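The values are calculated or read from the model by the stated rules, or taken from the named source; none is laboratory data. Predicted, not measured: the structure shown is a model, and the values here were computed from it. Cβ coordinates were reconstructed from backbone atoms using ideal geometry, including for glycine residues, and neighbour counts include every protein chain displayed. Only protein heavy atoms, including side chains, enter the accessible area calculation; ligands, DNA and RNA are left aside. Shrake-Rupley method; radii C 1.70, N 1.55, O 1.52, S 1.80 Å.
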Amino acid sequence: MEGKDTNVTTKAMTAEELEKKLSKEVGVEVDYSTITPANFIKFLIFSGLGVWVFFINTTIGGKTGTPMVLFIDWLKATLGSVKNWMTLIVCIALAVTFTIAKVTKKGPLAKFHEKDGMVDGVLFYLAAIFAIAITAMPTSEHTISAGAAEGALNATFLQKVMDPEVGPMAIGLAGTCLFTVTIAGWLVNLLIEFGILEFIGTLMEPIMRRVFKIPGQAAVDALSSFVAAPAVGVYLTNRLYNENVYTEKEACCISTNFSVVSLGFFALLVSITGTEYMYGPAVLCSLIIVFILAIIVIRIPPLCWKKDVYRNGVVQTPELARPGKYTMGIFKKALAAATTKAKKTQYSVFITSIPDVLSFALKIVSFVMSIATISLFLCWYTPIFKWIGMPMIPYLQLCQMPDAAVIAPATLVGCAEIALPVMTIAGQQISEMAIFFVIVLSTVQIIFFTESANAMMKADMGLKFGQLIVIFLIRTVIAIPIVSLFAHIIYG
């Protein structure tokens with residue numbers, strides 16, 4: 001018996017040592033000896049700056065918003081039409097570099113495009129063609145409005161692409177994406193590299209693990225999307241996946257459930273429908289519903305089928321995934337995790353991160369240009385979206401939503417572009433409840449291919465086009481009765 005007990009103890013000790021070894025390779029490292037004044041000040045200054053830049057509303061020049069958003073808005077206003085020319089240059093450059101990369105099959109360009117297949121190449125070429133057409137031709141002479149062109153069989157394809165609601169809007173979206181993802185992707189170093197993620201993540205771990213089956217750092221991912229853009233949240237998630245903080249399954253769950261639209265985009269949606277008074281209720285309801293959906297969607301296929309494996313090949317053990325407990329020492333542990341990260345970070349990260357940021361941003365811009373143009377064209381000049389929405393009419397009627405036939409297409413077109421749902425109902429005489437329903441539903445669907453979905457596919461966590469379509473449909477089917485309940489409570 002004594003020998004047996006000794007053997008069991010040895011095995012237990014071996015397992016414990018293994019868990020300690022794995023904890024150094026993945027997740028959050030905690031070293032209490034790093035809690036020194038120098039490391040604490042480094043953590044406090046740079047993390048505080050990151051919180052201010054991303055999360056704290058500030059009034060500058062009579063305008064209020066987070067410093068990052070104010071800077072992006074100022075830059076876009078300053079550059080004006082130059083933004084379109086920058087998008088044109090990016091789209092042409094990617095089409096050229098992709099061609100060279102596939103012909104030479106070696107060198108830096110080949111490495112830059114090593115993950116890009118023929119579908120990506122087609123999108124690069126289409127983006128370049130659309131961008132050239134939109135920027136090179138005077139819109140006053142070559143465009144017709146969507147309303148005037150409806151049913152105009154003689155209108156050329158080029159005229160339709162040049163419609164202000166198609167090509168010009170697409171290149172505007174692409175240019176905005178260029179600035180937002182590049183600037184925010186660079187500034188996000190303040191949140192990633194200096195300990196605030198580790199600090200909040202450690203404090204949130206017991207809740208996030210139990211409720212959402214994901215690490216506490218996901219709370220910051222969601223906030224990053226909420227104040228900047230969904231692609232920024234995806235970029236942050238991808239960075240943490242590559243640093244072995246998240247497993248493949250965790251990264252996929254976080255990207256598809258917490259990459260919410262920004263506060264600024266809520267303002268755009270309510271302005272399109274002329275219902276600015278809905279801004280507050282829409283934001284609050286959207287946040288609540290996003291977390292309700294996450295609890296459900298994370299636990300069902302296809303996300304529950306993803307692997308609990310870190311990027312470096314380490315399989316997540318039950319010990320690594322075990323939710324922590326709130327104890328008297330959790331704040332000190334969170335502080336130690338933050339100072340450990342701050343100590344290890346070199347200031348050169350602001351330089352070394354630039355290539356990754358640009359690579360991520362430039363490709364997304366090209367995809368936004370091509371996919372947004374195609375999606376907007378299909379929306380305004382074909383009945384495809386109306387046909388797609390027809391099966392949703394009985395479901396909406398079951399949920400007692402007014403104007404079900406009018407808003408049915410809006411329930412599915414958001415997969416292409418998040419602003420499309422409200423565009424399809426803008427100017428129509430429908431009830432407040434129906435308008436509110438469309439606005440909130442479009443913000444909780446998460447997956448849209450003009451930005452967030454493209455960012456997810458270009459990331460390293462293994463999300464594919466088909467999987468994203470399935471996740472979008474699942475989120476939509478589950479969200480409709482929940483959103484309709486909130487709509488009935490507020491506007492019933």
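Compute the semi-axes of the equivalent ellipsoid of the range 366-464, taking the square root of 5 times each eigenvalue of the Cα gyration tensor, and list them largest first in whole Å. Mind dumping the intermediate values first?
Working: eigenvalues 128, 44, 27 Å².
Taking √(5λ) for each eigenvalue gives 25, 15, 12 Å, largest first.
Quick one: the Cα spread of the range 214-332 along its three principal axes, in angstroms, biggest first?
Dimensions of the range 214-332 along the principal axes of its Cα atoms: 51, 36, 25 Å.
Which links in Lys160/Lys464; Lys213/Lys306; Lys306/Lys363; Lys42/Lys63; Lys111/Lys341 stretch past 20 Å when you go from one Cα to the other?
Lys160/Lys464; Lys306/Lys363; Lys42/Lys63; Lys111/Lys341
With every protein chain kept in the model, how would you rank Tyr381, Tyr279 by accessible area, 1.4 Å probe, largest at the top?
Values: Tyr381 40, Tyr279 75 Å².
Correct descending sequence by accessible area is Tyr279, Tyr381.
With the other protein chains left in place, how much accessible area per residue, in square angstrom, belongs to the chain at a 1.4 angstrom probe? Walk me through the numbers before you get to the answer.
Working: 21690 Å² over 492 residues.
Dividing the accessible area of the chain by its residue count gives 44 Å².
Please report, in whole Å³, the volume per residue of the convex hull around the C-alpha atoms of the range 254-386. Before the final figure, lay out the partial values.
Numbers: hull volume 31.7 nm³, N = 133.
So the per-residue Cα hull volume is 238 Å³.
Could you work out the helix-only [θ] at 222 nm for the chain, with each DSSP H run of four or more residues adding -39,500 (n - 2.57) and the total divided by the number of residues, to the nearest 500 deg cm²/dmol? Mind showing how you got there, number by number?
Details: 28 runs with 342 residues, N = 492.
Rounded to the nearest 500, it is -21500 deg cm²/dmol.
Given Cβ point charges of +1 (Lys, Arg) and -1 (Asp, Glu) and nothing else, what value in debye, to the nearest 20, does the dipole of the chain about its Cα centre take? Before the final figure, lay out each step's value.
Numbers: 36 positive and 32 negative charges, 196 e Å.
Charge dipole, the chain, about its Cα centre: 940 debye, nearest 20.
Choose one of Ile354, Ile288, Leu320: the residue whose Cα lies farthest towards the positive end of the charge dipole of the range 280-357 (beta-carbon charges +1 Lys, Arg; -1 Asp, Glu; about the Cα centre).
Result: Leu320.
Computing the accessible area with a 1.4 Å probe over protein heavy atoms, can you report the carbon and sulfur percentage for the range 226-307? Show your work: numbers first, answer last.
Numbers: 1770 of 2480 Å².
Solvent-exposed carbon and sulfur of the range 226-307 make up 71 percent of the total.
Please work out the Cα center distance from the range 299-378 to the range 73-101, rounded to the nearest Å.
27
So for the range 51-111, considering every pair of alpha-carbon atoms, how many percent are separated by more than 13 Å? Could you put the intermediate results ahead of the total?
Details: 1298 of 1830 pairs.
Across the range 51-111, Cα pairs with separations above 13 Å total 71 percent.
Quick one: putting +1 on the C-beta of Lys and Arg, -1 on the C-beta of Asp and Glu, what dipole do you get for the range 257-334 around its Cα centre, in Debye to the nearest 20? Numbers along the way, then the final one.
Details: 8 positive and 3 negative charges, 102 e Å.
Its charge dipole is roughly 480 debye.
Going by average Cβ density within 10 Å per residue, which order do the peptides 208-216, 464-472, 239-247, 114-122 take, highest to lowest?
Numbers: 208-216: 19.7, 464-472: 16.7, 239-247: 21.7, 114-122: 12.6.
Sorting 208-216, 464-472, 239-247, 114-122 by mean packing, highest first, produces 239-247, 208-216, 464-472, 114-122.
Choose one of Thr247, Phe448, Met369: the residue whose Cα lies farthest towards the positive end of the charge dipole of the chain (beta-carbon charges +1 Lys, Arg; -1 Asp, Glu; about the Cα centre).
Checked the options; the winner is Thr247.
Rounded to a whole number, what % of the accessible area of the range 322-465 do carbon and sulfur atoms account for, probe 1.4 Å?
It is 66 percent, rounded to a whole number.
Which helices of the chain meet both criteria: a Cα extent of 24 Å or more along the helical axis and a mean Kyte-Doolittle score no lower than 1.0, with helices taken as whole DSSP H segments?
Details: long enough: 2-25 (35 Å, -1.28); 37-55 (25 Å, 1.54); 82-104 (33 Å, 1.54); 118-136 (27 Å, 2.11); 167-187 (30 Å, 1.48); 279-297 (26 Å, 2.70); 354-381 (40 Å, 1.68); 465-491 (36 Å, 2.07).
Flagged H segments are 37-55, 82-104, 118-136, 167-187, 279-297, 354-381, 465-491.
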